[in-house]
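What follows draws every value from the coordinates through simple rules; no lab data is involved. Please read these numbers as outputs of a predicted model, since none were measured by experiment. Backbone-built Cβ (ideal geometry, glycine too); neighbour counts: all protein chains shown.
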Amino acid sequence: MQALVLALFLYLLVADHAGAGTVLPADLFFHLDPLAGLSSSLASRSFMAPVLLGLLTLALTLALGRAWCSWACPLGTLLDWTSLRRLRHPRGRPSPWRHVKYVTLLAVLVGAVLGTLGLLVLDPITILFRTLGSGVIPGINLAVTRGESWLYRFDALQGFLDGFDRFVRGTLLPGAEPYFVPSLALLLVMAAILAANAIRPRFWCRYLCPLGGLLGLASRVSLLRRSVDQEKCSRCRKCARECPVGAIDSEKEYRSDPGECTLCLRCVEGCPAHAIALRRETRPAAPDLEGLTRRQVLGSFGLMLAGVALLRLPSVLRGSGRRRLRPPGSSEDDIMRRCIRCGICVNICPTRAIHPAGPGPDYDHLWTPALVPRLGYCDYSCRRCGEACPTGAIPALTLAEKQSAVIGTARIDTTRCIPWSQNTNCIVCQEMCPLAEKAIELEDVAVTNGEGLETTVRRPVVLPDRCIGCGLCEHQCPLNGEAAIRVYPEEGQGRRQGR
């Protein structure tokens with residue numbers, strides 16, 4: 001079952017990236033994730049579609065316990081397959097640190113209530129999809145193909161080197177959005193999870209996973225739970241040693257906490273006395289808070305509120321903070337209240353224009369979708385990101401609405417533009433503009449060339465009232481490095497009539 005579910009997850013991911021149609025939606029696992037739906041609904045103050053199938057997951061948890069974590073979670077499967085059995089802790093006593101995931105869950109929900117989904121980056125489905133879609137697949141594409149052009153390869157490599165240098169020095173320049181640095185951070189987070197998993201099996205699931213915390217709370221009233229026949233039990237401790245999440249307590253007659261047990265059935269299979277079975281229960285299990293004091297709970301709650309406040313503080317001090325180019329039809333407010341940092345839009349964009357945003361000065365904007373026109377442009381006839389977004393952070397626009405949605409406005413750097421700085425003709429940006437009524441016009445200007453002769457040069461001029469900021473002009477600018485024409489976000493983004 002683990003292999004089948006993981007194969008389905010990867011199939012939907014790759015098919016989504018390639019633009020191939022599938023019977024099932026590419027965001028199926030996000031709809032099955034109750035934490036994503038609940039958090040999005042709290043942050044947006046509205047009912048979100050992911051809640052519907054997420055309720056099915058919660059219903060199955062109420063019936064079967066926390067089985068999702070062992071049987072259906074793709075990240076849990078990956079952790080099972082990469083754990084080192086010889087390093088398992090043999091003492092057979094649940095760690096008090098297992099309660100941290102409930103604090104993490106509370107932090108995510110409180111952050112959502114306060115209007116930020118920045119902490120939802122800890123959701124396991126989001127972590128795996130985002131890492132594969134934004135970090136692994138683009139890296140493979142860059143390694144095994146030449147990309148769309150040699151210019152793309154140069155810009156991608158140079159963007160990585162420059163961005164990494166700025167990241168190390170801590171001097172992220174305004175307006176210079178690093179491309180691969182956020183993706184590198186995604187890979188580092190996954191590497192840290194796998195490294196911890198090698199030391200302690202299912203480390204993430206045991207101690208940190210907020211979705212595991214939510215399902216653990218629901219599983220305390222589940223109908224099906226693990227039971228030990230004390231007359232048959234030989235006290236061999238094998239079940240406690242084999243439990244991948246450390247849910248079995250050898251000092252409490254080898255019973256397990258239903259909030260921790262993931263029904264992997266290893267204890268049932270491995271018990272030499274056949275003393276373990278799954279039985280129907282009618283009474284809810286009391287929460288096991290051993291190892292937690294009131295001071296620790298209150299302290300954790302205070303740290304959680306402080307962490308959420310720190311995420312929002314830079315934006316509060318600077319107003320809206322540094323603005324980014326966003327996918328068509330979306331706004332900063334929609335991104336903050338609805339985006340779950342899943343990376344579907346990054347994975348599905350056919351021109352690779354959308355990338356995970358770096359932290360910059362606004363930490364709660366980390367890994368939200370941002371357009372980087374130098375690396376890819378927003379196709380004038382494409383609206384796939386809005387159709388794929390599971391929460392509506394990027395609205396599903398009609399083609400007419402999308403073509404009139406204003407992403408930003410192009411501006412020409414006359415110190416770099418060839419016709420302006422070198423008095424040599426270049427009309428690439430004007431030719432590339434996809435609008436019927438071009439947003440870039442050419443002005444004939446009489447100049448004196450290097451030989452002292454008068455000649456006419458056609459200089460591009462942007463018409464701001466027409467430009468929608470698709471970025472095709474910036475993407476196609478023939479200059480190496482930074483383009484001479486760049487798209488900048490504008491206040492009051494929306495739609496212009498008649499485009």
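Neighbour counts of C-beta atoms inside 10 Å place Leu79, Leu215, Leu84 in the sequence Leu84, Leu79, Leu215, starting with the fewest.
Taking amide H atoms as placed 1.01 Å from N in the peptide plane, the amide H of Thr409 lies under 5 Å from those of Tyr488, Glu490, each 5 or more residues away in sequence or on another chain. For the stretch 408-488, place one equal point scatterer on every Cα, skip the solvent, and apply the Debye formula. What is log10 of I(q)/I(0) at q = 0.10, 0.15, 0.16 Å⁻¹? Summing over Cα pairs of the stretch 408-488 leads to -0.23, -0.50, -0.56.
In plain terms, the residue of Lys252, Lys101, Lys438 with the fewest other Cβ atoms within 10 Å comes first and the most crowded comes last, giving Lys252, Lys438, Lys101.
In angstrom, the C-alpha Rg and Dmax of the stretch 1-133 are 16.3, 50.
Seen from Gly216, the other residues with C-beta closer than 10 Å to its C-beta sum to a net charge of +2, counting Lys and Arg as +1 and Asp and Glu as -1. Exposure proxy for Arg280, Arg459: other Cβ atoms within 10 Å of each Cβ, ordered fewest to most, give Arg280, Arg459. A crude spin-label estimate for the pair Glu253 and Ala277, with each label 7 Å from Cα along the Cβ direction, gives 1.6 nm. For the stretch 332-340, backbone phi angles converted through the Karplus equation (6.51, -1.76, 1.60; θ = phi - 60°) give residue-by-residue couplings of 4, 5, 5, 4, 5, 8, 10, 5, 9 Hz, Gly and Pro being listed as x. Divide the volume of the convex hull around the Cα atoms of the stretch 1-49 by the residue count and you get 90 Å³ per residue. Computed from the C-beta positions of Ala63 and Tyr380, the FRET efficiency with R₀ = 56 Å rounds to 0.70.
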